[in-house]
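Written below as structure tokens is the structure these notes are about.
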Amino acid sequence: MKPLPPLHELVAATHSPFTAGGSVALDVVPIQASFLAANGIRTVFITGTTGESHSLTREERISLYKAWAAAGPAHGLTVIAHVGSNSIDDAKAFARRARELELAAIAALAPSYFKPENMDALVEWCSAVAREAPDLPFYYYDIPSFTGVSLPIERFLVAASPRIPNLAGVKFSNPDLVSYRRCLDVEDGRFDLPWGIDEALLAALATGARGGVGSTYNWAPKLYLDLISAFARADFDEAQRLQSLSIAMVDAIAATGFMGTGKALMARLGVPVGPARPPLDNPGDRQVDALLVRLRELGFDEWGARMRAAAARSTPPQL
């Protein structure tokens, strides 16, 4: 298996860029990569929930893999591809293509229409996908609020470990912190468990998290790096204040549809990722204007991302 350091950092879950007409805008990917790198991001997670994966065709997802395989390394970014699908054949094909393109790792959501009915079925499905890229680290992507698959992840790690040799860990987008702590204790902490709920990062840090994958890291990485620094120096009042800012930011964006509004915010920052695809909503210009006013009230000018961030970026601190 190709080595991949644990995701003890902020990993940006990237948007899939579309034109105004709704087709994939591959020419935007290098702009995304440049923007994220300039704002201190080193690793990206593509075609996941934020990437509207289930709204993409097979051909579109592979085209995005290709675009990021070129743009990511060109800007110093490590690229992890989500390969999950309701079709096992598609998921296998995505895993093979990620391997051929020499991406750094793969991750997979559980199928969400016909769902695995028990732990053995889930492990077997993940194993079938992971086998297609045996030299790439494999992460199970647990997000029961979207998939409807809610099985104890600590039991998944125990059951999957001997059957998936390239199992690296779990992208944990599940609010169950007790389960998360149990997972951290499996096999003496062997597995990498990046946290996936930005609004609860502080709670996860207190539980033992050392990394995170999230959508808001696209436009507010400094907010979370400051939160992490405050936690590390035991300034819990400041860490709580920053987490409250994160929650207020997410609430403001979600008020007009989180996906479409997040993409509109990126466009205002100079990264034209286009609209969200149906059935997701998109805000009007006045709603985006009002959002920007609210974000400035929250201090976005101090902790939000910049299009013209310093070209010579420093290495972000480890979590």
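The values are calculated or read from the model by the stated rules, or taken from the named source; none is laboratory data. Since we're looking at a predicted model, the values are computed, not measured. For neighbour counting, all protein chains shown are included, and Cβ atoms are generated from backbone atoms with ideal geometry for every residue, glycine included. Remember, those area values only see protein heavy atoms, side chains included, never the ligands or the DNA or RNA. Shrake-Rupley method; radii C 1.70, N 1.55, O 1.52, S 1.80 Å.
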**OP:** Please state which of the following conditions Pro317 fails to meet, knowing it meets all the rest: (1) part of a loop (DSSP other than H, G, I, E, B); (2) at pLDDT 95 or above.
**Re:** (2)
Original post:
Checking Ile106 against (1) β-branched (Val, Ile, Thr); (2) in contact with a Ser or Thr (Cβ under 8 Å, 6 or more places away or on another chain); (3) part of a strand (DSSP E or B), which test does it fail?
Top reply: (2)
Subject >> Residue, surrounded by the fewest Cβ atoms within 10 Å (Cβ to Cβ), within region 169-193, restricted to residues that are part of a helix (DSSP H, G or I) and acidic (Asp, Glu) >> reply: Asp188
Original post:
Can you find even one residue in region 61-71 that is outside any helix (DSSP H, G or I), over 25 Å from Val250 (Cα atoms) and at pLDDT 95 or above?
Top reply: no
Original post:
What number goes with the only condition from (1) over 28 Å from Tyr140 (Cα atoms); (2) outside any helix (DSSP H, G or I) that Ala276 does not pass?
Top reply: (1)
**OP:** Within region 53-67, count every residue that is open to solvent by less than 10 Å² (accessible area, probe 1.4 Å) and touching a residue at least 40 places away in the same chain (Cβ under 8 Å).
**Re:** 2
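Every residue, every condition in (1) closer than 19 Å to Asn39 by Cα; (2) open to solvent by 40 Å² or more (accessible area, probe 1.4 Å), yes or no:
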site: Ala200; (1), (2): no, no
site: Ala209; (1), (2): no, no
site: Ser215; (1), (2): yes, no
site: Lys222; (1), (2): yes, yes
site: Asp226; (1), (2): yes, yes
site: Phe236; (1), (2): no, yes
site: Gln240; (1), (2): no, yes
site: Ser244; (1), (2): no, yes
site: Gly257; (1), (2): no, no
